[in-house]
Amino acid sequence: MRVFGIDIIKGSVRSKSRRPMYALVRMDEGEIIGEGEVSGFRLFRILNEEKPDILAVDSLQEISVDQHDLYVFLQALPPSVRLVQVTGGERKESLGKVASRFNISFNRFDPFDEARTIARVAGLGAGAEVIAFENTSEIVVSRHRSPGKGGWSQNRYVRKIHGAVQQKAREIEMALVAAGFRYRKKETRAFGGNSRVAFDVYASRGQVPATTYRGADVQVRISGKRLERITFRPLSGKPRYLIVGIDPGTTTAIAALDLDGNLLYLASSRQMAMSDVIEAIYRVGKPLVIASDVHEMPFSVEKIRRAFNGIAYSPRQDMSVETKHELTAPFEYQNDHERDALAAAMDAFRSYRNKFQNLLRRVPPGNDLDEVRAGIVRGQSLEQVLSEMKGRTIRPVVEAPKVEIDARRDERIRILDGTVKRLKSVVKDLQEEIQKRDHEIIRLQGRVKKIRSQQDQVFRRGAEIVRRDAVIVSLKKRLRREERTSEKLRKRMEKIRAHEDTGPDEQEVMLKLLPSLTREGIRALSDELGIRQGDLVYVPRVDVWGKNAARDLAGSGIGGLIVRMPGKARFDPQLEAIFREASVPLLSAEAAGAVMRGGAVTAERGRLDAAIGAWEDEQREYVREKKAQLLEEIYREYRTERGKEMKKVG
C-alpha cells in the first residue's frame, strides 16, 4: 500500500499572497521511498501521475478553507486516492496522542518529521477517511468551443461540433451498458446532434468507465454527487480495547475506560437488562477487562465477562467508600452506582498502569500499543505478542530444570528472606505515608476549589457592576441629548408664542423675518418660527438669492413675500417670474409700508392691501398676456404645419 503524508512548511490556504508549500513524504509498504517540498499545484500533478492509495493529513484546514473548498479539493483528487485525516473524524485528537498509540515519537517543529509520522500512522490504520460524495456520479458531455456568429460555413461548423458531442455521448453510453451500470440520460438536442448530454450513473467516480476529457470540440466532466455534509469513516474498523467496571443491582451502572485511563462511557439505568448492558458495551468497544468493586465477582457480572471472553478483575477486599471517592475524584458522576462502577474500572486500570508504562520502553515504534497491552493482559509475553503481530511463529520455550534447594542449609537464602521482610515493612510504611499525602492533596484541592468559587463570584459581581456602569453612562448621555433637544423646542415654542401674542393693532400686520432668500435662511426661519400657509414673509435684502430657495418658498403656500429694495425700481426678472408662476405676491417694502423695529417687522394694513391689490391687477394682466402668447404660438404653429401640407398637395 502506498501512502503519501503531507504537512505545511510555510504559507496558508487562506492567504492569497503566500500560497502553502508542503513537506511530502512517499511511503510504500512501510518504507519511505522519497521526500520533497512541493506546492499545491505540484502535489496534484504527482497524485495524478503516481495515484497512491492514501493521501494523509493531520488537519483538513491545511488543504481547505471551508467545506466548499474541501469539496473542490476532493473533486480534483484521482478517484482511487483516499483522503485520510489521521487525527480522527468528528472527535479530533492531537497528532502526538495518535502517534503515542504506536509508540512513535517525532519533532513537532520539523514539518518533514511530522509528514513521516502522518504517513506511518496512516499506513498502520490510524485516522478516518473523508467521505464527501455519494455512490452516484454525473457525466456531462458538452461543447468545448462556442459556435460564435460564424460566416458562410457556420452551419457546417456547428453541425460538426454537435455531431462530435453526440458521438462521444454514445461511446460513453455503450461503455456504461457494457459495465452493467444503471443510469439516467438527459439530452439537449441541437442542430446536427446534441449540445449537451448528462448521465446520472449509480456508481462512484472510481467505478465509472470514463475519464475526464477535453478535446478540440468536446469536453467530458465527471463529478460525484455531493453529500449534504462531510462524513468520516474510520480507516480501521477494529474496535478499541476497554476496561469496563460494572455495578449490578436494581440500578445497573457501566463505566468504560480505554487502556490509557480515559473515560469513554458512563451511564446507569433501572430498566437495563443483561442484553442491554452487553449491547451498550459493544457500541463503545471491545472489553478486555471486566471489573467489579467487590472481592467476589457477582454472578451477573461474571455472565457479562463470559459473553465477551474478557479478563476478570476484582479487588483483594471489598472497596471502601473513601477509596471509591479517592479513585473517582477527577470525574463527574450522577449517583452512587455510577461511582462504584467507575471506581471498579479505575482500580483495574491502576493495577495494570505500571505494566503498561514499562511496555513503552520495550515495544519498538510502529506497533499498535493497544494490541500489545491486550496480549500482555491475556498472559502472553512481549515476544509472543510482537511475533503474532508480525506473523512469525513463536519458538517453544524450553523450561529450565528445577533445582531443589534446602533453605535450612543455605545461609544466604535466610539472610535474603530477612531482607525481604524488612523491605516489605518499609514499603507498607511508605504506602501509608502516600495515603496520608493523597488525603491531604484531596483536602487542599477542595479548599482551592472553594477559594476559586469565591473568586469567581467576585469577578462575576465586578463584571456585572462594570456592565451596569456602562449602561448608566450611556443613559446619561442619551438623557443630556434629550434635554438639549427639549430646551431647543421649548425656546422655539416661546418665540412662536411671543410672535403670536405680540399682536399689532388693526392698522398694522405682523410679518415674519427671513434673514436671506437662501435655503439656509428658510431653514433658520422654519426652525425658529415655522412657515405656515398664508404667512407674510419679509426679506431685508435680495442681493444674493437662490433659485431653488425661491421656488421652495413660493411653493410653500405663503401669503406673500415683501422685499426691501433700496435704490432699485424693479425686481430681478427671474425672481419675479418665479413668484408670478406660483401666483404668490412679490412686493417691495416701500410699497407695502413694511418697517422693522428691533427684531419685529410690521406693515401698514392699508398700504399692504393696496400693494397686494396692485400686484393682483398686474398678475391678471400677466396671465392674460401669457394666454395671448400661447394662442399666438399655437396659431403660428398651425400656419406652419398647414403650409407644409399645402406644399405637399401642390
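Every number here is computed from the coordinates shown, using simple stated rules; none is lab data. Here the structure is a predicted model, which is why all the values come from computation and not from measurement. No Cβ is skipped: glycine too gets one built from the backbone with ideal geometry, and neighbour counts run over all protein chains shown.
Remark: relative contact order (region 508-633) = 24 percent; criterion is Cα-Cα distance under 8 angstrom and separation of 6 or more residues.
Kindly give Rg over Rh for region 601-650, based on alpha-carbon atoms, with the Kirkwood expression for the hydrodynamic radius.
With Rg and the Kirkwood Rh in hand, the quotient comes to 1.51.
In the chain, the calculated helix contribution to ellipticity at 222 nm averages -16000 deg cm²/dmol per residue, counting -39,500 (n - 2.57) for every DSSP H run with n ≥ 4.
Taking a straight line from the alpha carbon of LYS10, these lysines sit under 27 Å away, with near neighbours fewer than eight places off in the same chain left out: LYS51, LYS92, LYS97.
Principal semi-axes of the equivalent ellipsoid, √(5λ) from the alpha carbon gyration tensor of region 69-113, are 26, 13, 10 Å from largest down.
Across region 555-623, the mean sequence separation of Cα contacts (distance under 8 Å, 6 or more residues apart), normalised by length, yields a relative contact order of 30 percent.
With 10 angstrom as the radius, rank SER381, SER195 by how many other C-beta atoms surround their C-beta, starting from the fewest. Going from least to most buried by this count: SER381, SER195. Tally the DSSP beta bridges in region 241-390 and give the antiparallel ones as a percent, rounded to 5. The antiparallel fraction comes to roughly 60 percent. Long hydrophobic helices in the chain: the complete DSSP H runs spanning 24 Å or more by Cα along their own axis with mean Kyte-Doolittle hydropathy of at least -1.0 are 154-179. From the alpha carbon centroid of region 268-284 to that of region 148-224 is 56 Å.
Could you tell me what a quarter of the Cα convex hull surface of region 115-238 works out to, in nm² with one decimal place? Intermediate results must be reported in sequence, preceding the final value.
On the way: hull surface 44.5 nm².
For region 115-238, averaging the hull's shadow over all directions gives 11.1 nm².
If packing is taken as the mean number of other Cβ atoms within 10 Å per residue, what is the order of 242-249, 521-528, highest first? Don't skip to the end; give the middle numbers.
Working: 242-249: 24.8, 521-528: 15.5.
Descending mean neighbour count gives 242-249, 521-528.
Each 5 Å bin from zero up to the one holding the largest Cα-Cα distance in region 508-633 carries the following percent of pairs: 2, 11, 21, 25, 21, 12, 5, 3, 1, 0, 0. The per residue volume of the convex hull around the alpha-carbon atoms of region 1-136 is 109 Å³.
With +1 on each Lys and Arg Cβ and -1 on each Asp and Glu Cβ, and nothing else charged, work out how big the dipole of the chain is about its Cα centre, in Debye to the nearest 20.
1740 debye
With the highest mean first, a sort of the peptides 154-162, 600-608 on other beta-carbon atoms found within 10 angstrom per residue produces 600-608, 154-162. Within a straight-line Cα-Cα reach of under 14 Å, LYS450 cannot be paired with any aspartates and glutamates, leaving aside sequence neighbours fewer than 8 residues apart in one chain.
Using the number of other C-beta atoms within 10 angstrom as an exposure proxy, rank PHE579, PHE109 with the fewest first.
Numbers: PHE579 23, PHE109 7.
The most exposed by this proxy come first: PHE109, PHE579.
Scoring 585-591, 271-277 by mean Cβ neighbours within 10 Å over their residues and listing the highest first yields 585-591, 271-277.
When the P(r) is computed for the chain, the part past 31 Å accounts for 77% of the Cα-Cα pairs.
Which of HIS68, HIS144 has the fewest other C-beta atoms within 10 Å, and how do the rest follow up to the most?
Values: HIS68 10, HIS144 15.
Listed from fewest to most nearby Cβ atoms, that is HIS68, HIS144.
Counting every pair of alpha carbons in region 241-390, the share spaced more than 24 Å apart comes to 31 percent.
The mean sequence distance of close C-alpha pairs (under 8 Å, at least 6 residues apart), as a share of the length of the chain, puts its relative contact order at 7 percent.
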